[in-house]
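The values are calculated or read from the model by the stated rules, or taken from the named source; none is laboratory data. Given the structure is predicted, the values throughout are model-derived calculations rather than measurements. Backbone-built Cβ (ideal geometry, glycine too); neighbour counts: all protein chains shown.
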Amino acid sequence: MTDRITDIWGTRTPYDRDLPWPVRVDSHLDDGVEEADVDRWVGSACVLCSNGCGCEIAVKDGRMVGIRGRATDTINHGRLGPKGLYGSWPDSTRDRLTRPLIRVDGELTETDWDTAMTHIVDRSRSLLADHGPLSHAFYTSGQLFLEEYYTLAVISAAGLGTPHLDGNTRLCTATSAAAMKESFGSDGQPGSYTDFDFCDAVFLFGHNMAETQTVLWSRLLDRLAGASPPKVVAVDPRRTRVAEAALASGGVHLAPMPGTNQALLNGLIREIIVNEWIDRDYLAAHTIGFDELASVVDSYTPERVASICEVPAEDIRRAAEIFGTADRVLSTVLQGFYQSHQATAASCQVNNLHLLRGMLGRPGCGLLQMNGQPTAQNTRETGANGDLPGFRNWANPQHIAELADLWNVDELQIPHWGPPTHAMQIWRYAEQGSVRLLWISATNPAVSLPDLARVREILRRADLFVIVQDGFRTETAEFADVVLPAALWGEKQGTFTNASRTVHLSDRAVEPPGEARADLDIFLDYARRMDLRDRDDNPLPPWSDAEGAFRGWQECSRGRLCDYTGLSYQRLRENGSGIPWPCTPEHPDGSDRLYADGVFPTDPQVCETYGHDLLTGGAVSAEQYRAIRPDGRAFLKAAEYTPPEEVPDEDYPLACTTGRTVYHFHTRTKTGRSAALRRAAPRPWVELAAADAERAGISEGDLVRVESRRGYVCVPARIGRGREGTVFLPFHYGYWDVDGAAGGPPTGARDGESAPRAANELTRTMWDPVSKQPLFVISAVRLIRVAPGREPAPAPTTGASAPCDPGIPATRAAGDTEVRESLGSARPPAAPSTPTHTHGVPAPGTSTSPTTPRT
């Protein structure tokens, strides 16, 4: 028995390279409940990070009372992290939405479903008649189910004809998709989590895996504790547990100044090239653009990069040597790159490193452009992310015709005169008044979007009709005209796909509370009341339940890279694990890795995009793209480094980054209602380096006003171990009280603890030119000490925000946090084989290749 507040990653189970990760089943039950008391266990997967850990929900007397990992699941081999163990079923449900709310005389008032939906449909029809489909926009999540996203995509594109559909995945994972599309022609992770079992070196680019994906970090910790540990290289300005492990492994911690990732990667690539650590045969057969890339990076010597990034030149050389000489390298990328300056350009350079060495499609040679949310991959697959379903290209008439035929609508009904609208543009249209109905589902933009003062003003607009669909009365719900109570995880059925393309089925374990409904049912109710029809006068969408929506999606995915046609609810129930796509009847076990044959989905009739200029975002035309003749080869895309638009100066001398802490997920809609997680990280803080704190006269726990050119927050100071010149703010915290109760927007207090505390008061409405992802991690700020501290900052001592002062009390568990760890010898099923046609879409007129066995 252990607790997973103080012991975040649990007991080590060391293992050697090329061997399977041992099983350890983690389970946690409500206080007083024993396993013998559980009525039934219902299969699912955890939804509190992007790892997608297979699990089972304990049900007793019609309610969820616990969770345990699934030993046979290839993703987690039975393990669960603190958020999954303690935050999956919130223990504070007094403010759970159980009936619709409608604004009457300025106040949100309970009503019935018919009244709420009639109000929405009446406004929707009126706006469509007066202003057309461009008056409607949908802003969704990375936490719904595949079936719900696809239904919403069909409603918006085929039913209403609006291109304004995107998710909060724009904030966390848009660059992942963009980088893979630019390099490989399509979204879709090349690597697999099993690559951790085979690699000789691990590079984590802007990825604090120890806190954002705790179970995956446990896997790496177990490799590091084994007989042949990999070397680790961490790229992060903070001294995280990842950075500590890198140094202990004989690797490198590179701590570049925020906004300089592109310069660093150009320097690493130059070292790989000049030292001839490249696979020239692979480059000649499978890539385009080597000469231009080599020319662009030629001037990025270690000394030049060191001066830009403020890291030692020898560390750059050492990191490049590790990448260039290891037999098998695994790379992961996340928000430290995605939410920073030149996000897509820098992420593409990670792709380039693997292409230069021919390290794709083989065990241990993985590349994971990671996701930040549990179902972010599904938003991208289904077209709920500012794209088209099935990784189709909006500029390819053949792809539009395929969708029109699939949905049985006229091609002109599907908006494709330009790219689908990304989320940041949707909010700008709402600000300008052209978007007049904004439907927000399963996300909390009043906390998560940049420049929150602007967001609040948009939500307050009298001409904007706001619908909020959620399980709780969030900060965003306070601005809504209609609030719809939605079912949460465990209360509905559907599938979702994690960051390694692995599909899990989550069956309904309990009924939702009160009158709450599954998001799928809400969307379908709207479609039926709007009387949306195809050209044969059949209801659109045609399905009425989750499994019907899944079958509809299977047809949409047929023949595309993300092919689901070999999957079914029954197979997913019986498998004992998730199954990675592409999964077809010919390859029913799915595909562990992509691109084993070196053939990429870059054919003009297959590709998801024709590409962009990485510096300007300028789109490549279809004619220009065809002239390149990619013929299934990957692109080595190059870009010069350019300085960020906002850098520290005399008035705002520090660079501010934002990010996550191990105990919370996004805006704490669920984890903030878990007593165990809330006690571990109850309030926000600002983390600053000891030297910066000394210059500013700030001590541990002092109340500090952190100001940017856009706003400020007042939070306690943690004197931590980050690099000098940078500060860190966790982004999870909005305007909730300490005990998790929802509160309203800030009252305008100028100082003290009642002042704003959401990190995004400081961030800018700026985005990457290619991925359109906001630049959350490069604001310039200054610090003002407001009041002396009464106690240490509420920052956890267990992760990257650990204090410099060893005398500060450690984060401790309190209450019912007991977790049972069962070490077992049972092994999960073998990883699925990798078909040689792993690009998923054979060129026209060719046939697929047979399956090759997994090494």
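Name the single residue that is surrounded by the fewest Cβ atoms within 10 Å (Cβ to Cβ) among those in the stretch 226-245 being basic (Lys, Arg) and out of contact with any Phe, Trp or Tyr (no Cβ under 7 Å at 6 or more places or on another chain). So, considering only residues that are basic (Lys, Arg) and out of contact with any Phe, Trp or Tyr (no Cβ under 7 Å at 6 or more places or on another chain), the one surrounded by the fewest Cβ atoms within 10 Å (Cβ to Cβ) is ARG239. Would you say SER347 is in a helix (DSSP H, G or I), hydroxyl-bearing (Ser, Thr, Tyr) and either surrounded by fewer than 24 Cβ atoms within 10 Å (Cβ to Cβ) or in contact with a strand residue (DSSP E or B) (Cβ under 7 Å, 6 or more places away or on another chain) (or both)? Against the criterion (in a helix (DSSP H, G or I), hydroxyl-bearing (Ser, Thr, Tyr) and either surrounded by fewer than 24 Cβ atoms within 10 Å (Cβ to Cβ) or in contact with a strand residue (DSSP E or B) (Cβ under 7 Å, 6 or more places away or on another chain) (or both)), SER347 qualifies.
Do you know which of the residues in the stretch 536-549 that are in a loop (DSSP other than H, G, I, E, B) and under 33 Å from the mean Cα position of the chain (by Cα) is farthest from THR495 (Cα to Cα)? Out of the qualifying residues, it is LEU540. Out of TYR595, TYR625, TYR610, which single residue is outside the structural domain of PHE196 (by TED's automatic domain parsing) and at pLDDT 95 or above? Unique residue meeting the criteria: TYR595. All conditions but one from (1) more than 30 Å from THR72 (Cα to Cα); (2) buried (at least 19 other Cβ atoms within 10 Å of the Cβ); (3) acidic (Asp, Glu) apply to ASP531; the one that does not is (2). Scanning the stretch 119-137 for residues that are crowded, with 18+ Cβ neighbours inside 10 Å and among the small types (Gly, Ala, Ser) yields SER124, SER135, ALA137. Tell me yes or no: at least one residue of the stretch 317-330 is touching a strand residue (DSSP E or B) at 6+ places or on another chain (Cβ under 8 Å), farther than 16 Å from GLU271 by Cα, at pLDDT 95 or above and of a type in the set (Lys, Arg). Checked the stretch 317-330: at least one residue is touching a strand residue (DSSP E or B) at 6+ places or on another chain (Cβ under 8 Å), farther than 16 Å from GLU271 by Cα, at pLDDT 95 or above and of a type in the set (Lys, Arg).
The condition (being over 30 Å from ILE269 (Cα atoms), touching a residue at least 40 places away in the same chain (Cβ under 8 Å) and touching a His at 6+ places or on another chain (Cβ under 6 Å)) is satisfied by just one residue among GLY578, GLY559, GLY590, GLY598: GLY578.
So for the stretch 246-264 (the condition being part of a helix (DSSP H, G or I), surrounded by fewer than 23 Cβ atoms within 10 Å (Cβ to Cβ) and not β-branched (Val, Ile, Thr)), does at least one residue qualify? Scanning the stretch 246-264 turns up at least one residue that is part of a helix (DSSP H, G or I), surrounded by fewer than 23 Cβ atoms within 10 Å (Cβ to Cβ) and not β-branched (Val, Ile, Thr). Would you confirm whether or not the stretch 268-279 contains a residue that is at positive phi, under 28 Å from the mean Cα position of the chain (by Cα) and modelled with pLDDT of 95 or more? No, the stretch 268-279 contains no residue that is at positive phi, under 28 Å from the mean Cα position of the chain (by Cα) and modelled with pLDDT of 95 or more. Quick check on ALA462: is it farther than 26 Å from SER176 by Cβ and either modelled with pLDDT of 95 or more or within 24 Å of the chain's Cα centre (by Cα) (or both)? For ALA462, the condition - farther than 26 Å from SER176 by Cβ and either modelled with pLDDT of 95 or more or within 24 Å of the chain's Cα centre (by Cα) (or both) - is met.
Here's the yes/no breakdown for (1) in a loop (DSSP other than H, G, I, E, B); (2) more than 26 Å from the chain's Cα centre (by Cα); (3) surrounded by 18 or more Cβ atoms within 10 Å (Cβ to Cβ):
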{"position": "THR11", "(1), (2), (3)": "yes, yes, no"}
{"position": "VAL25", "(1), (2), (3)": "no, no, yes"}
{"position": "ALA36", "(1), (2), (3)": "no, yes, no"}
{"position": "CYS49", "(1), (2), (3)": "yes, no, yes"}
{"position": "ASP73", "(1), (2), (3)": "yes, no, yes"}
{"position": "HIS77", "(1), (2), (3)": "yes, no, yes"}
{"position": "LEU80", "(1), (2), (3)": "yes, no, yes"}
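Among ILE316, ILE269, ILE273, ILE278, which is in contact (Cβ under 8 Å) with a residue 60 or more places away in the chain, under 14 Å from GLU640 (Cα atoms) and of a type in the set (A, V, I, L, M)? One residue alone meets the criteria, ILE269. Looking at the stretch 770-792, is at least one residue over 30 Å from ASN444 (Cα atoms), hydrophobic (A, V, I, L, M, F, W, C) and at pLDDT 90 or above? Within the stretch 770-792 (the criterion being over 30 Å from ASN444 (Cα atoms), hydrophobic (A, V, I, L, M, F, W, C) and at pLDDT 90 or above), the answer is yes, since at least one residue qualifies. Strands (runs of 3 or more DSSP E) fully within the stretch 422-535 that include at least 2 residues being without any contact (Cβ under 8 Å) to a residue 60 or more places away in the chain: 465-470. Only one of the numbered conditions (1) assigned to a loop (DSSP other than H, G, I, E, B); (2) among the hydrophobic types (A, V, I, L, M, F, W, C); (3) under 30 Å from ARG721 (Cβ atoms); (4) touching a residue at least 60 places away in the same chain (Cβ under 8 Å) is not met by ALA227, and that is (3). Taken as a whole, the structure leaves ASP91 outside the set of residues that are in contact with a Ser or Thr (Cβ under 7 Å, 6 or more places away or on another chain), in a loop (DSSP other than H, G, I, E, B) and at pLDDT 95 or above. Being in contact with a His (Cβ under 8 Å, 6 or more places away or on another chain), in contact (Cβ under 8 Å) with a residue 40 or more places away in the chain and either within 28 Å of GLN377 (Cα to Cα) or not assigned by TED's automatic domain parsing to the domain that holds GLN213 (or both) is true of TRP21.
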